[in-house]
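S.K.: Sending over a structure as C-alpha cells; questions will come in a sec.
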Amino acid sequence: MDYPSTSSSCKESTSTQIVFFDIETNVPNRVGQRFWVLEFGAIVVCPRKLVELDSYSSLIRPADLSAVPSRSGRCDGITKDVVANAPTFEQVADKIFSILNGRIWAGHNIQRFDCARIKEAFSDIGRPAPTPVGMIDSLGVLTEKFGRRAGNMKMASLATYFKLGQQKHRSLEDVRMNLEVLKNCATVLFLEATLPSVLDGNWRGSPTVTTRSRSNGKLPCRDETTSRKSPPTTAFIGYQRAVPYTPRGSLGKVTERVKNLLCRAQGNQPLSNILKHSHSLLR
C-alpha cells in the first residue's frame, strides 16, 4: 500500500512496518452463539520514528444482526442501530486485508482474540486470511516486562494506571490508547533501568548521574555558550568527575601532583604543550 503524503517520513519496507489494530464484537449471551466482528480499526506505524503512516476504521454489519444488542452496557458501546446500515465484512475485506497482510501485527490480547476473529471473518466469505510477518501482543509483553503493577493488565486498567481516561471500546480509539500505554510503559521501564538505585531509595553514587540530594539542593548548570554546542561523546561521560569543567579561556589551577603525572606519562614532551592540548580538548 502506498502512502504518498507520509512516505518520506519512514523508509521502512512494508514488512517492517507495524500495524496496531483492534476489533469490536458482540458478546455471546447463549450457548452456541458466535462472535461477529462489528468494527475494525487500525493504525500503521513506522517503528523507528513512531510516525503514523495510515489509519482506517469501519463499522461492520454482521450476517446475524440479532446477535447485536439493542442497548449496550458500555457508555460508547455498539448497538444494533449503529451497525444496521454499515457495510458487510465482505465489502471491507479488501481494505482490511491490504492493511494487515505482510506487516507486523500489534495490539492488546490480539493473539488469543482478535486474530481468531479475523480468520473466522475471512473464512465466512471464502477468502484466505491475511498473514503477519511478526506479532506483538502488548498484553503478554507488558505482563512480562512491566509486571502486574496495573492489576489485571487489561487495557482499561492500564489506562486508569496512567490516567489516560476511560477506555472507549471503539476500535480506533482503543488502538490510540494502546499506543499511549506502550509509550508510558516504555518510559517508566527506561527510567527504572537508568536510575535503579535512585528510584528504589538505595542511592550509592554514580559518576554519570547527579541528583538534588548530592548537590545540596541545587543542580549544576553549564555555561550557556557551552550548552549550545554538541554534547560530550560517550567516551567522556565516565570521566566527568575526574575532569572538572574548566571555564573557557582559563586552565584553572593544576596541582603539582598532576603536573608530575603528566610529565612522567609524556616523557620529555614540554608540559606547556600537554596543557595546551588538554585545554583544546576541554574547549
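The values are calculated or read from the model by the stated rules, or taken from the named source; none is laboratory data. All values reported here derive from a predicted model rather than from experimental measurement. Note that we place each Cβ from the backbone using ideal geometry, even for glycine, and neighbour counts take in every protein chain shown. Protein only, heavy atoms only, side chains kept; ligands, DNA and RNA dropped before computing areas. Shrake-Rupley method; radii C 1.70, N 1.55, O 1.52, S 1.80 Å.
S.K.: Looking at region 73-80, is at least one residue within 19 Å of HIS169 (Cβ to Cβ) and in a helix (DSSP H, G or I)?
M.R.: yes
A quick yes/no check of all residues on (1) in contact with a helix residue (DSSP H, G or I) (Cβ under 6 Å, 6 or more places away or on another chain); (2) within 19 Å of ILE78 (Cβ to Cβ); (3) open to solvent by 20 Å² or more (accessible area, probe 1.4 Å); (4) part of a helix (DSSP H, G or I):
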site: CYS115; (1), (2), (3), (4): no, no, no, yes
site: GLY126; (1), (2), (3), (4): no, no, yes, no
site: ILE136; (1), (2), (3), (4): no, no, yes, no
site: VAL141; (1), (2), (3), (4): no, no, yes, yes
site: GLY147; (1), (2), (3), (4): no, no, yes, no
site: MET153; (1), (2), (3), (4): yes, no, no, no
site: LYS163; (1), (2), (3), (4): no, no, yes, no
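S.K.: I need the full set of residues from region 88-113 which are of a type outside the set (Val, Ile, Thr), in a helix (DSSP H, G or I) and out of contact with any Pro (no Cβ under 7 Å at 6 or more places or on another chain), in order please.
M.R.: PHE89, GLU90, GLN91, ALA93, ASP94, LYS95, SER98, GLN111, ARG112, PHE113
S.K.: What residue, among those in region 43-64 that are over 23 Å from the mean Cα position of the chain (by Cα) and of a type outside the set (A, V, I, L, M), is most open to solvent (accessible area, probe 1.4 Å)?
M.R.: Among them, the one singled out is ARG61.
S.K.: Hey, among PHE40, PHE35, which residue is open to solvent by less than 20 Å² (accessible area, probe 1.4 Å) and either in contact with a strand residue (DSSP E or B) (Cβ under 9 Å, 6 or more places away or on another chain) or at pLDDT below 95 (or both)? Write out each step before concluding.
M.R.: Numbers: PHE35 fails: open to solvent by less than 20 Å² (accessible area, probe 1.4 Å).
Criteria check complete, one pass: PHE40.
S.K.: Here's another thing I want to ask about it. Of everything in region 75-111, what is open to solvent by 40 Å² or more (accessible area, probe 1.4 Å), of a type in the set (Lys, Arg) and modelled with pLDDT of 95 or more? Give them in sequence order.
M.R.: Answer for region 75-111, where residues must be open to solvent by 40 Å² or more (accessible area, probe 1.4 Å), of a type in the set (Lys, Arg) and modelled with pLDDT of 95 or more: just LYS95.
S.K.: Which of the residues belonging to region 99-128 are touching a residue at least 24 places away in the same chain (Cβ under 8 Å) and among the aliphatic types (A, V, I, L, M)?
M.R.: Hits for region 99-128 are ILE99, LEU100, ILE104, ALA106, ILE110, ILE118, ALA121, ILE125.
S.K.: Identify all residues within region 165-187 that are open to solvent by 40 Å² or more (accessible area, probe 1.4 Å) and in a helix (DSSP H, G or I); write none if there are none.
M.R.: GLU173, ARG176, GLU180, LEU182, LYS183, ASN184, ALA186, THR187, listed by residue number.
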